[in-house]
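Chemist: Below is the structure I would like to discuss, written out as structure tokens.
Taken together, the values in this text are just the output of simple stated rules run on the coordinates, not laboratory data. The structure displayed is predicted, hence computed values, not measured ones. Quick reminder, even Gly has a Cβ in these numbers, built from the backbone with ideal geometry, and neighbours come from all protein chains shown.
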Amino acid sequence: MVAELVGAGELRSEWRGAFERVARHRFIPRTVWVEDGGRLVPLDRDDDEGAWLERCYANDFVITQVDDGAPVGPGRVGRQITSSASRPDVVAMMLAALEVEAGMNVLEIGTGTGWNAALLAERLGAGRVTSVEVDPDVAGRARRTLLGEGHAVTVLDGDGVLGCPSRAPFDRVIATVAADRVPYAWAEQTRPGGRVLVPWTTDFHNGALVAFVVEREGGVPMMRGRVVGNVAFMPLRAQRGRRASLGRHVQGVDQARLSSTDLHPSQAIGEYDASLAVGLRVPRCKLIVSHQDDGGYTVWLVDPWSGAWAGLECAPGVEKFSVRQWGGRDLWTEVEAAHGWWEGLGRPAADRWGLTVTPEGQFVWLDVEEQRIDR
Ligand SMILES: C[S@@+](CC[C@H](N)C(=O)[O-])C[C@H]1O[C@@H](n2cnc3c(N)ncnc32)[C@H](O)[C@@H]1O
């Protein structure tokens, strides 16, 4: 795995030693979850050690908990991923972006397996890493593993949204869980000049990594940062929002408003820069794609709060798409308008967006803070 990351230019030399010394499989639980025909099913080390080890050393995330740890039973299928070991290339990229130096005091939000915390501790030394995990079972397991592997990391049970005031100030904060609304406590608990790294999401878009720098303005902590990478993380527990489901939310198909569009849905949804921008303008909109046997697929936009939905049929070779919309919002019309807005701005790439977090809340800007975007 390390050779692969080095070969692909994804592991910086200053992190290589830590990746070699901290064996990932030691942090992965005996039962992990794998996708099988669109369902999540358990894979146990005792049943197939080879397959389990392959998962541990693939450049991929490993699902270590589903449905907040609801017990595994015969024939049980998982629904929602609630803890995982992150992709090694993403971990390497985020650790590089954190720009740590020996002796720094670092806070991690979302301990998970403890692997990332161990890598940090390997570079920073004993007693320098604090990690907060909301799930007490996950926290307990990581604490035991870290201790057993000889890493002096403080793992605390709790809500990472609150940070960890008792161990502040920090030089760096790294969230390995995504925030839609970035907690102000992370700015408050970081020294001026310190960095805070946050995977930032919207209901519509999977996420972008924002690297903040903390400042004091008139003595008041605040932070501003820019998008520096493409990452997708599970949301903070309190920011999970609502799950969209075709069965529960797609009602009234016969009464839907019909129209058509020339904009291929993949241009607004599948293109990273475009979908990041669309997510800024279209709140409370979740995506589901259902595939048909003939190679066609339907893109569903669902607002699980109001029950509004839109469906776009996509068949191979077709350039005009039929649209059905239902409920109190015309979700596709909103997405199309947001895409037009992004085009009107000159199709900005993700790294032109910035985010500022103050005691009053957060706001998004393009290129410079003065070009503030009203969401
Ligand atoms: C992607 S995993 C973290 C991966 C981890 N850093 C590792 O090395 O394995 C995200 C973790 O964040 C945790 N989490 C979710 N919401 C949280 C919150 N509000 N505070 C702290 N942890 C949270 C989840 O329980 C999950 O274990």
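Chemist: Peptides 254-262, 240-248, 348-356, 127-135: what's the order by average Cβ count within 10 Å, highest mean first?
Modeler: Averaged packing, sorted descending, gives the order 127-135, 348-356, 240-248, 254-262.
Chemist: For the chain, just the Cα atoms, rotate onto the principal axes and tell me the three extents in Å, largest first.
Modeler: Reported extents, whole Å, longest axis first: 62, 60, 38.
Chemist: What ranking of LYS320, LYS286 emerges when the number of other C-beta atoms within 10 Å of each C-beta is taken as an exposure proxy, fewest first?
Modeler: LYS320, LYS286
Chemist: Separation of segment 361-375 and segment 126-146 by C-alpha centroid, Å?
Modeler: After rounding, the separation between the Cα centres reads 35 Å.
Chemist: Give me the angle, in degrees from 0 to 90, between the Cα long axis of helix 136-148 and the longest principal axis of the Cα atoms of the chain, rounded to the nearest 10.
Modeler: Result, in degrees: 40.
Chemist: Of all DSSP beta bridges located in the chain, what percent are antiparallel, nearest 5?
Modeler: Within the chain, antiparallel bridges account for around 75 percent of the total.
Chemist: On C-alpha positions alone, give me the angle between the axis of helix 331-344 and the longest principal axis of the chain, in degrees, nearest 10.
Modeler: 70
Chemist: Also: Counting only other residues whose beta carbon sits under 11 Å from that of GLY229, what net charge do I get with K and R as +1, D and E as -1?
Modeler: On the way: positive: ARG226; negative: ASP89, ASP351.
In short, -1.
Chemist: With springs only between Cα atoms under 10 Å apart, run a GNM on the chain and tell me which of VAL66, VAL210, VAL220 wobbles the most.
Modeler: VAL220
Chemist: I want the local charge near VAL302. Using Cβ-Cβ distances under 11 Å, sum +1 for each Lys or Arg and -1 for each Asp or Glu among the other residues.
Modeler: Values: positive: ARG242, ARG243, ARG248, ARG284, LYS286, ARG329; negative: ASP203, ASP303.
With Lys, Arg at +1 and Asp, Glu at -1, the net is +4.
Chemist: Stokes-Einstein D for segment 89-238 at 4 °C, 1.567 mPa s, Kirkwood Rh over Cα pairs, in µm²/s?
Modeler: D = 85 µm²/s.
Chemist: For TRP332, what charge total do you get from the other residues with a beta carbon under 12 Å from its beta carbon, if Lys and Arg give +1 and Asp and Glu give -1? Before the final figure, lay out the partial values.
Modeler: Working: positive: ARG257, ARG324, ARG329; negative: ASP303, GLU313, ASP330, GLU334, GLU336.
Charge balance near TRP332 sits at -2.
Chemist: Take the alpha carbon atoms of segment 244-344, find their radius of gyration, then divide it by 2.2 N^0.38 Å using N residues; give the quotient.
Modeler: 1.00
Chemist: Hey, got the dipole for the chain? About the Cα centre, +1 on K and R Cβ, -1 on D and E Cβ, debye to the nearest 20?
Modeler: Computed about the Cα centre, the dipole is about 820 debye.
Chemist: Report, by chain and number, residues whose modeled amide H sits under 5 Å from the one on VAL34, excluding near sequence neighbours (fewer than 5 apart, same chain).
Modeler: VAL41, LEU43
Chemist: Helix 272-281 sits at what angle to the longest principal axis of the chain, using alpha carbons and giving 0 to 90 degrees rounded to 10?
Modeler: 80
Chemist: Anyone know which of TYR272, TYR57, TYR297 comes out most mobile in the 10 Å Cα GNM of the chain?
Modeler: Sorting by GNM fluctuation, first place goes to TYR297.
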